[in-house]
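Trainee: My questions will all concern the structure given below.
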Amino acid sequence: MGFVKVIKNKAYFKRYQVKFKRRRECKTDYYARQRLILQDKNKYNTNKYRFVVRFTNTDIVCQIFSSDLDHDNCIASAYAHELPRYGVKCGFTNYAAAYCTGLLLARRVNSKFKLNYDGEVRAELDTEEWGNEYFDGEFNMEDDEESGKNAFTALLDVGLARTTTGSRLFGALKGACDGGVDIPHSNRRFPGSSVDEEGELQVDNEVQRKYIFGGHVADYMRKLQENEEDYKRQFSRYIDAGVGADDLEKMYTDAHAAIRADPFKKRDPSRLGRFKTGDPKRSREKKSYKTARKGREDKADAIRQTLLEMGKKSVSVMDWKEDDEAPAEEKVEEKVEAEEEEDDDEDDDLL
């Protein structure tokens, strides 16, 4: 057998250093995080905000974070499972839901800091006017001259997700920018964007509009309607909610308007919640399981009630108090008699 060099020898394992826990769990990209939270020293304690977007199998999470020396502070948050409050009945993980979630977070941030940046209402604009907010491919938000305040600025934090063209990440980004949050970005990664043979960027606003209002889902629904079994299996929740391919655009348009009208809308008390663990018929009043301590009079009433149930004669409150005070008076009289006897004994000893 020839010579085989040992690569992972003792020196290798002695000098081996494990990665951070959240990097091992594929949750945090520390290389990117370091550059997102780094702040100039001459800005002192000025916060640097991040627009964090994360996806799960059943939900979309959008949050605004600022970093401290030892922890992160969550400024505001919005979730896709809150969209039923605004009329979105199903489809909480697609591109259109990501846009709604980003829009909801942006409106909450602007309301919290009392900013007047309303952003663009996509339903009221023609597709020809969609690119006006980009200058040389870079997003540029106009300043509010009335209030004199700058727009809320945050940096996009995608974590370890792939930033491919048409990703749902950029749906949440577009919704946040339309809601009034200034997030530096270009329009290279939105659906319909591509580079031609000459190397120039081509943006298709029609495709982008279709994705924001659920048009791609509607096209797939119409395609599957040719096979009834496949359609029922794929869109069973849409069927149960009574949502068809022609209803999606109106549903998302109404949701955008409802989000702008009231971004802090509360959940209906009759709803079971996201995990369906509640009871719609239960009372919503707060319950207290602490046993109240009984006073002396309450205890006396309880004993008096017990005596009545046993067939004893009724005892009034005054009689009860006199019975309690009688032993104390007897003790005082006995004490006085004992003192008098001691005095008589002392006199006898003197004699």
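The values are calculated or read from the model by the stated rules, or taken from the named source; none is laboratory data. The structure displayed is predicted, hence computed values, not measured ones. With ideal geometry, Cβ positions are generated from the backbone for all residues, glycine too; neighbour counts draw on all protein chains shown. Side chains included, ligands, DNA and RNA excluded: accessible areas come from the protein's heavy atoms. Shrake-Rupley method; radii C 1.70, N 1.55, O 1.52, S 1.80 Å.
Trainee: Could you please tell me which pairs satisfy a Cβ distance under 7 Å, a separation of 6+ or placement on different chains, a first residue in the stretch 64-90 that is of a type outside the set (Gly, Ala, Ser), and a second residue that is assigned to a loop (DSSP other than H, G, I, E, B) and surrounded by fewer than 17 Cβ atoms within 10 Å (Cβ to Cβ)?
Mentor: Tyr79/Asp59; His81/Asp59; His81/Arg274; Arg85/Lys265; Arg85/Arg267; Tyr86/Lys265
Trainee: How about the stretch 224-269: which of its residues are over 19 Å from Ala78 (Cβ atoms), assigned to a helix (DSSP H, G or I) and aliphatic (A, V, I, L, M)?
Mentor: Within the stretch 224-269, Leu224, Ile239, Ala241, Ala245, Leu248 qualify.
Trainee: Only one of these is open to solvent by 80 Å² or more (accessible area, probe 1.4 Å), free of Cβ contacts under 8 Å to residues at least 12 places away in the same chain and not acidic (Asp, Glu): Tyr30, Tyr12. Name it.
Mentor: Tyr12
Trainee: Looking at the stretch 152-180, which of its residues are within 20 Å of Gln34 (Cβ to Cβ) and acidic (Asp, Glu)?
Mentor: Asp157
Residues are listed down the side, and each one gets a yes or a no for (1) of a type outside the set (Gly, Ala, Ser); (2) under 28 Å from Tyr99 (Cα atoms):
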{"position": "Phe20", "(1), (2)": "yes, no"}
{"position": "Ala32", "(1), (2)": "no, yes"}
{"position": "Lys41", "(1), (2)": "yes, no"}
{"position": "Thr46", "(1), (2)": "yes, no"}
{"position": "Tyr49", "(1), (2)": "yes, yes"}
{"position": "Phe55", "(1), (2)": "yes, yes"}
{"position": "Leu69", "(1), (2)": "yes, no"}
{"position": "Ala78", "(1), (2)": "no, yes"}
{"position": "Glu82", "(1), (2)": "yes, yes"}
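Trainee: While we're looking at this one, here's another question. From Ala98, Ala161, Ala154, grab the single residue that is open to solvent by less than 20 Å² (accessible area, probe 1.4 Å), in contact (Cβ under 8 Å) with a residue 40 or more places away in the chain and more than 17 Å from Ala255 (Cβ to Cβ).
Mentor: Within the list Ala98, Ala161, Ala154, the selection yields Ala154.
Trainee: Cβ contacts < 6 Å: first residue more than 10 Å from Ala245 (Cα to Cα) and aliphatic (A, V, I, L, M), restricted to the stretch 219-232; second residue in a helix (DSSP H, G or I) and modelled with pLDDT of 90 or more, any location; separation 6+ or different chain. Result?
Mentor: Short answer, once both residue conditions are applied: Leu224/Asp230; Leu224/Tyr231; Leu224/Gln234.
Trainee: Looking at the stretch 66-98 only, could you name the residues that are closer than 17 Å to Ala261 by Cβ and in a helix (DSSP H, G or I)?
Mentor: Glu82, Leu83, Pro84, Arg85, Tyr86
Trainee: Which residue pairs have Cβ atoms closer than 9 Å, lie 6 or more positions apart in sequence or on different chains, and pair a first residue in the stretch 252-269 that is of a type in the set (S, T, N, Q) with a second residue that is assigned to a helix (DSSP H, G or I)?
Mentor: So the pair list comes out as Thr253/Arg122; Thr253/Ala123.
Trainee: So if I check each of Lys281, Lys290, Lys286, which one is outside any helix (DSSP H, G or I), loosely packed, with under 10 Cβ neighbours inside 10 Å and modelled with pLDDT of 80 or more?
Mentor: Every option except Lys290 fails the conditions.
Trainee: How many of the residues in the stretch 194-235 are within 19 Å of Leu103 (Cβ to Cβ) and open to solvent by less than 40 Å² (accessible area, probe 1.4 Å)?
Mentor: Final tally of qualifying residues: 7.
Trainee: Starting from the stretch 172-196, keep only residues that are over 20 Å from Ala151 (Cα atoms) and in contact (Cβ under 8 Å) with a residue 40 or more places away in the chain, then list their pairs with residues that are open to solvent by 10 Å² or more (accessible area, probe 1.4 Å) and assigned to a loop (DSSP other than H, G, I, E, B) whose Cβ atoms are within a distance under 6 Å, requiring at least 6 positions of separation or different chains.
Mentor: Pro191/Gly166
Trainee: While we're here: Evaluate the stretch 35-42: report whether one residue or more is within 20 Å of the chain's Cα centre (by Cα) and either at pLDDT 90 or above or surrounded by 10 or more Cβ atoms within 10 Å (Cβ to Cβ) (or both).
Mentor: Of the residues in the stretch 35-42, the ones within 20 Å of the chain's Cα centre (by Cα) are none.
Taking every residue of the stretch 35-42 in turn, none turns out to be within 20 Å of the chain's Cα centre (by Cα) and either at pLDDT 90 or above or surrounded by 10 or more Cβ atoms within 10 Å (Cβ to Cβ) (or both).
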